[in-house]
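Single-structure report; data block below.
Each value in this text was obtained by applying a stated rule to the coordinates, not by laboratory testing. Only a predicted model underlies this, so the values are computations on that prediction, with no experimental measurement involved. Note that we place each Cβ from the backbone using ideal geometry, even for glycine, and neighbour counts take in every protein chain shown.
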Amino acid sequence: LGLVVFFKGLWGTQRLPRTIGVSLAKELIFSARILDGEEAKSIGLISHVVEQNDAGDAAYRRALALAREFLPQGPVAMRAAKLAINQGMEVRIYTSRKYFCGIIFTVNNKMLLCSLQTIPTKDRIEGLLAFKEKRPPRYKGE
């Protein structure tokens, strides 16, 4: 059997099926097949494949380009979205869907309503004003 543990911790047999589906996860784990970048991308295991450049930093440059795409987004909303995505993968979809206006998770014995965390923020108001005024928002993480 084969499975390179590229997921956090030793939970590859639990997380891989959630990422690429049960059948394909079984096939890869049982066969110990090694995938190249293009095949890994085609099955949804990775997001990007880059050709190496002369400097040897092509992956780093692609990561920087992605970070530049994320940078203009509101930090409060980004934190809430990250929490909702990460914690949402740990619960059944029915559980996460049944909450109105967001997803509630228990983290360290605290109930968190992810999308509602953004409502009382200055960033939300800035985003609404920027949209109304047809200009890019200037988020401050407040």
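With the simple spin-label model, which puts each label point 7 Å out from Cα in the Cβ direction, the Gln52 to Phe70 separation comes to 2.5 nm. Pull out a ≥ b ≥ c, the square roots of the eigenvalues of the alpha-carbon gyration tensor of region 17-59, then state rounded if a/c is under 1.5, prolate if not and a/b is larger than b/c, and oblate in the remaining case. Here region 17-59 falls in the prolate category.
With θ taken as phi - 60° and the Karplus curve 6.51 cos²θ - 1.76 cosθ + 1.60 applied, the whole-hertz 3J(HN,Hα) list for region 34-51 is 9, 9, 8, x, 5, 5, 4, 5, 5, 9, x, 7, 10, 9, 9, 10, 10, 6 Hz, x standing for glycine and proline. Segment Leu128..Ala59, full-extension length gain: 21.3 nm, with 0.36 nm per residue of separation and the alpha-carbon distance subtracted.
Stretch Thr19-Arg138 to full length: gain in nm at 0.36 nm per residue minus the Cα-Cα span?
That pair, Thr19 and Arg138, stretches by 39.4 nm at full extension.
Spacing of the modelled spin labels on Glu38 and Ile119, each 7 Å from Cα toward Cβ, amounts to 5.0 nm. Residues in region 126-139 carry Karplus couplings, in order, of 4, x, 5, 5, 4, 4, 4, 8, 6, 9, x, x, 10, 6 Hz; the curve used is 6.51 cos²θ - 1.76 cosθ + 1.60 with θ = phi - 60°, and Gly or Pro positions show x.
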